[in-house]
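Heads up, the thing below is written out as structure tokens.
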Number of protein chains: 2
Amino acid sequence: MFQTFTAATRPEDGLPRLAALRRELVRDGLDGFLIPRADRHQGEYVADCDARLAWLTGFTGSAGFCAALRDRAGVFIDGRYRVQVKAQVSPDVFTPVPWPETKLADWLQDALPHGGIIGFDAWLHTADEIGKLRAGLEHTKITLIATENLVDRIWADRPAPPQGKITAYPVELAGKTSAEKRADCAARLTKADQRAAVLTLPDSIAWLLNIRGTDLPSLPVAQAFALLHDDARVTLFTDRAKLAELPLDPQIEVLDWSAFDAALLALSGPVRVDRKTAPYAVSTLLADAGIKLHYADDPCILPKACKTEAEIAATTVAHLRDGAAMVEFLCWLDENAPSGSLTEIDVVRALEGFRRATNALRGISFDTICGTGPHGAIVHYRVTEDTNRQIATGDLLLVDSGGQYIDGTTDITRTVPIGPPSDDHRACFTRVLQGMIAISRARWPLGLAGRDLDALARMPLWQAGQDYDHGTGHGVGVFLSVHEGPQRISRVSDTPLESGMILSNEPGYYREGAFGIRIENLIVVQPAPDLPQGDARKMLSFVTLTYVPIDRRLIDAMVLSAAEREWLNAYHAATFEKISPRVSASARVWLAAATAPI
Amino acid sequence: MFQTFTAATRPEDGLPRLAALRRELVRDGLDGFLIPRADRHQGEYVADCDARLAWLTGFTGSAGFCAALRDRAGVFIDGRYRVQVKAQVSPDVFTPVPWPETKLADWLQDALPHGGIIGFDAWLHTADEIGKLRAGLEHTKITLIATENLVDRIWADRPAPPQGKITAYPVELAGKTSAEKRADCAARLTKADQRAAVLTLPDSIAWLLNIRGTDLPSLPVAQAFALLHDDARVTLFTDRAKLAELPLDPQIEVLDWSAFDAALLALSGPVRVDRKTAPYAVSTLLADAGIKLHYADDPCILPKACKTEAEIAATTVAHLRDGAAMVEFLCWLDENAPSGSLTEIDVVRALEGFRRATNALRGISFDTICGTGPHGAIVHYRVTEDTNRQIATGDLLLVDSGGQYIDGTTDITRTVPIGPPSDDHRACFTRVLQGMIAISRARWPLGLAGRDLDALARMPLWQAGQDYDHGTGHGVGVFLSVHEGPQRISRVSDTPLESGMILSNEPGYYREGAFGIRIENLIVVQPAPDLPQGDARKMLSFVTLTYVPIDRRLIDAMVLSAAEREWLNAYHAATFEKISPRVSASARVWLAAATAPI
């Protein structure tokens, strides 16, 4: 199993560890130290050796930070983790702080009215973060200083950094050689009058060099930094042992981590740095050496997001393979759930089993979210032995999961009724489906962003006075991160959608204490086909990647428009056609019924 | 008639006037002079004495400017006016320049590669405009200097400034006294640490002081400037004769225009100035005197946009009155258009006649856009004797018009088939209608902007590969401007929609050389009623103000969803109920048929 169900931390460890940290504060003459959740790469997943926040506080969520002072310690967590934090941290030792509602600067000012010195590790925070915090502290007597990492100093049994092997990513799947990608990105640098770019995101580096790694759970990359020079050369910084068996292009020089600082200082500017993702230390090293900085996006992010035809073809195959596993799973679930003997953990295990049975699974895209009844309304619910719940008749069961395959990354949510659903379940599900269909069917003129489409997914819920408090869609990689930028379908996303971008389409509806509904497919932006009476203007549309039945028992067909019903029936017909040759005989029978027209 | 159909300018006047202007350039040692369309108030409508651009060049469009140099003169016009400018300016004298595609700074640089001095009237340009132009000229040898207005110097028979009487606006209609409004706005100044605000927009001043004027066509305001002090006092600058019969609150001091500069210089800062609308001269006068400036929006704009209950009640009545006139007109049109003897001008005259017959018409909101057949596809078409077209069987006739009444400003577009429409007409019209219904029915959570809703209006057209190149809606005043901010339904509008804001809802579709379709109602933002299974979140929705039938002959009912059909039938039933008591017997018969369910 990739997924585990036991708690990785214990609240009672917090007290002695914080006490040890405070001894270091006193020793260094500091009044506080910041412990972020992030590692040097600011990613969603961190290696065990970088799980400093979890080690110190017990809190294992995917975002947040701790501000440890001599007399108090705040754990700053967002709305998703208000419940989880209470179970994971010792309340006498750490105070949960609602964030971003409470700003760190204000909290520090309140705790240290006469001022003080706060230390931070300049490799774990971005220039943006430190800049904003400095601005917030501008008229106070609180000083921020970059220091050694105090957690690392006291973490006696800290795991060793991961040494996962790096392998080449086949150009047949990538669609472009690394040399082509490097030439493209280098040309962007030249055009912007930049001599080099600092790359600190492992998935940017994996994409650029056509490599994959095994350093992290759920994300097939290697921890590394790199410099991309304007002549398309790359200097890669990592543990060289990881690359032992991999022949790299002579244009790619591999150095150990320890050579990174000196290599930065040997650059001549302007050097491109992404202030939203690169460590603050990168900016200060360059600036202190008088090397000119250009703050701009990591140059790999946009070209990585616009998938090649080969990548789209590859992930299409991955989605059919994953879809077949999902169909086996849903068939199994329909047979076994009504007995009342299954738990959420049983379901998670079974689903991973069906994906493993493809013999192609490299990992899961993220820990499966499997919530029955009221757990379905907890958007980021992750079942443990402690929370595990029996799946009972009358429940809606929400399952959000994905697989990592060499040819693609999947992410799918289906919501299934256990026994006959209520009219209320069906009414809410049908609205969510209408929103999901509206996005699936959308066509729009070139230049619009996810923000411009977001309302289409919500309108059917809005009409009923309902909504959901998360975005409609996030970018997705190809055998890379299940959450990648810059594109999103969200009211905060101004990035124009471009051909080749993969997105999730996942409206939902959550009634606290009762049930949750989400329906999620992955879709890819493509030029829209010309239409007979259409304008001359260029338009884009979505092509669906995910083919798995949407539960017909939860659909009120009378509410659907003719166009919506037509989309659904065509989607189900395509699902049967594409998936039925790939599943067992019994699942094929189930699939035929599950995809019958309504 | 408020509307006229003769050309106000002659192309042949351009040559001698430009020659005279060039003599002034030489006399003052200038290489060029800028002639904007705007007056000191940056409004959409200008008085005859301020129509400098039209007087000099012949071009009468509502936006644009001329850059007159010694050897060439560019008339900068946007996409709406590419055809019109060719008919109005002499091509040997003035060169039309596509704008904003060609930037003024680039054009000047091209014309004056060795540099030069360009004069401008600092009262006719905003600080924003001059700032952007200066930035564009930064690395050139071209200098911008504020000078006397050279056009005014040579315009021998320039009309006198308007002296329209100012009257009080009844508080029963406004819903708030001027004292209340002044106190509210003054509190905003105090909160922002500002001692005073400079008001240069006549409709802001009209709103703030509960007055109306008669200086301009289509906009019932008086030309004036004002200072709002943080103690809620106002100093008003205008021609005092206009106010002869009006008793004003002692907190309002009235001075002549000539006192404005000295009053500015007597302020102590910080002074709030709207850099998007206030003359550049205001900023320089204050800055040169060392008075601190705060650039921020005119403080009246947002509260003016959020109508009081009294204003909404008043404009509701105005819309029923105007709706009755529209119904008489549409009934007349149906009787008379099939004969083939009507022209566009006949239709405009008839429509104004029906509005006048209400005995309440104070003016038209704008020159009626009445385009038949291919003219319907010209979005800002305004018929003249030269362009006037016979209305023929097989045409679609698009009529966009509005009335100014003491209790409200209306703006409505209806598209009518002359004889039996084609299937293509019906298909396109039905899509436009679906978008218009989507906006009418929309509910959304607090905080969203027009940008977030715009796609709802376009989606039905997008699905067919079609779109329209204008916004979906603009703000509208109450017996004020038919185009007011800050709210819009548009992909460029980030202003959150708030309760009380009036907007147009006017999707369209235009096929060049063939036909145009637009359907427009006015709608007002209101808190959405609670719904049984709705979330606790606060939501907003639109209430419709305009009740006039939407042509059933152009609707393909089979394409509408159940919800769309329900909206349409309910809208038509309400239209009959509200309007039938207000129209003639024959119009009532027509109305019953026009509002029958489909």
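Numerical summary
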{"item": "The stretch B:1-93 - Rg over Rh from alpha carbon coordinates, Kirkwood radius", "result": "0.97"}
{"item": "Using alpha-carbon coordinates, inclination of helix B:562-579 to the longest axis of chain B, degrees", "result": "80"}
{"item": "Net +/- balance of residues flanking B:V478 in space, Cβ distance below 15 Å, scoring K and R +1, D and E -1", "result": "-1"}
{"item": "Kirkwood Rh (inverse of mean 1/r, distinct Cα pairs), the stretch B:316-366, angstrom", "result": "11.5"}
{"item": "Translational diffusion coefficient (Stokes-Einstein; Kirkwood radius from C-alpha pairs) of the stretch A:302-453 at 25 °C, 0.890 mPa s, in µm²/s", "result": "143"}
{"item": "Shielding by partners - mean other protein chain Cβ count within 10 Å, residues of A:558-564", "result": "3"}
{"item": "Chain B: antiparallel DSSP beta bridges as a percent of all, rounded to 5", "result": "75"}
{"item": "The stretch A:65-117 - convex hull of alpha carbons, volume per residue in Å³", "result": "72"}
{"item": "Where B:D193, B:D13 fall by accessible area, highest first, once all protein chains stay in place (1.4 Å)", "result": "B:D193, B:D13"}
{"item": "Relative contact order (%) - criterion: Cα under 8 Å, at least six apart; region: the stretch B:206-355", "result": "13"}
{"item": "Mean projection area, nm², convex hull over Cα of the stretch A:205-324", "result": "9.2"}
{"item": "Selection of trypsin sites (Lys or Arg not before Pro), the stretch A:48-141, meeting DSSP coil and at most 12 other Cβ within 10 Å", "result": "A:K141"}
{"item": "Directionally averaged projected area (convex hull, Cα atoms, chain A), nm²", "result": "28.2"}
{"item": "Helix B:585-594 vs. chain B, principal-axis angle (Cα, 0 to 90°, nearest 10)", "result": "80"}
{"item": "Percent of Cα pairs exceeding the 13 Å cut-off, where the set is the stretch B:243-308", "result": "71"}
{"item": "Principal axis dimensions, largest first and in whole angstrom, of the stretch A:367-439 by Cα", "result": "42, 39, 19"}
{"item": "Relative contact order [Cα under 8 Å, 6+ residues apart], chain A, whole percent", "result": "11"}
{"item": "Kirkwood-type radius of the stretch B:46-86, with distances r between different C-alpha atoms, in Å", "result": "10.8"}
{"item": "Computed log₁₀ I(q)/I(0) - Debye formula, equal Cα scatterers, no solvent, the stretch A:487-598, q 0.21, 0.22, 0.24 Å⁻¹", "result": "-1.28, -1.30, -1.33"}
{"item": "Approximate shape of the stretch B:455-532 as ellipsoid semi-axes (Cα gyration tensor, √5λ), whole Å, largest first", "result": "25, 17, 11"}
{"item": "Rounded FRET efficiency, nearest 0.05, which uses the C-beta distance separating A:A146 from B:V543 and R0 of 41 Å", "result": "0.10"}
{"item": "Cβ-Cβ FRET estimate between B:S561 and A:N569, R0 fixed at 22 Å, reported to 0.05", "result": "0.85"}
{"item": "Net +/- balance of residues flanking B:A206 in space, Cβ distance below 14 Å, scoring K and R +1, D and E -1", "result": "+3"}
{"item": "Rounded tilt (10° steps) of A:423-441 against the dominant C-alpha axis of chain A", "result": "70"}
{"item": "Per-q log10 I(q)/I(0), the protein assembly as shown, q = 0.07, 0.08, 0.09 Å⁻¹ (Debye; single scatterer per alpha-carbon; no solvent)", "result": "-0.84, -1.08, -1.30"}
{"item": "Residue order for B:H474, B:H572, B:H139 - accessible surface, 1.4 angstrom probe, largest first", "result": "B:H139, B:H474, B:H572"}
{"item": "Teacher prompt: B:K276 distances to equivalent labels in other copies, 7 Å Cα→Cβ, nm", "result": "2.4"}
{"item": "Axis-nearest residue of B (beta carbon) for the B-onto-A rotation, whole Å", "result": "B:S561, 2"}
{"item": "Relative contact order of the stretch A:145-218, defined on C-alpha pairs under 8 angstrom at six or more residues apart (%)", "result": "47"}
{"item": "Size-normalised alpha-carbon gyration radius of the stretch A:72-159, reference 2.2 N^0.38 Å", "result": "1.19"}
{"item": "Principal semi-axes in Å for the stretch A:92-138 [√(5λ), Cα gyration tensor, largest first]", "result": "18, 14, 12"}
{"item": "Alpha-carbon spread of the stretch B:98-232, three principal axes, descending order, Å", "result": "61, 43, 27"}
{"item": "14 Å beta-carbon shell around A:R275, net charge (K/R +1, D/E -1)", "result": "-1"}
{"item": "Calculated log₁₀ intensity ratio I(q)/I(0) where the Debye formula runs over C-alpha points of the stretch B:290-333, q = 0.17, 0.32, 0.34 Å⁻¹", "result": "-0.67, -1.02, -1.06"}
{"item": "Nm distances between copies for A:Q533, ranked from closest, using label points 7 Å along Cα→Cβ", "result": "3.6"}
{"item": "Shortest-first distances to equivalent copies, position B:D13, nm, label 7 Å out along Cβ", "result": "8.6"}
{"item": "Volume of the Cα convex hull of the stretch A:382-499, divided per residue and given in Å³", "result": "148"}
{"item": "Heavy-atom accessible surface that B and A bury in contact, both chains counted, 1.4 Å, Å² to 100", "result": "2900"}
{"item": "Projected-area average for the stretch A:450-491 over all orientations - Cα convex hull basis, square nanometres", "result": "3.2"}
{"item": "Exposure rule at most 14 other beta-carbon atoms within 10 Å, DSSP loop GluC sites (Glu not before Pro): chain A longest free segment", "result": "A:246-384"}
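The values are calculated or read from the model by the stated rules, or taken from the named source; none is laboratory data. A quick note: this is a predicted structure, and the numbers were derived from the prediction, not measured. In this analysis, Cβ positions are derived from the backbone assuming ideal geometry, glycine residues included, and neighbour counts consider all displayed protein chains. For the accessible areas, the whole protein counts, side chains as well, though only heavy atoms, and no ligand, DNA or RNA atoms are used. Shrake-Rupley method; radii C 1.70, N 1.55, O 1.52, S 1.80 Å.
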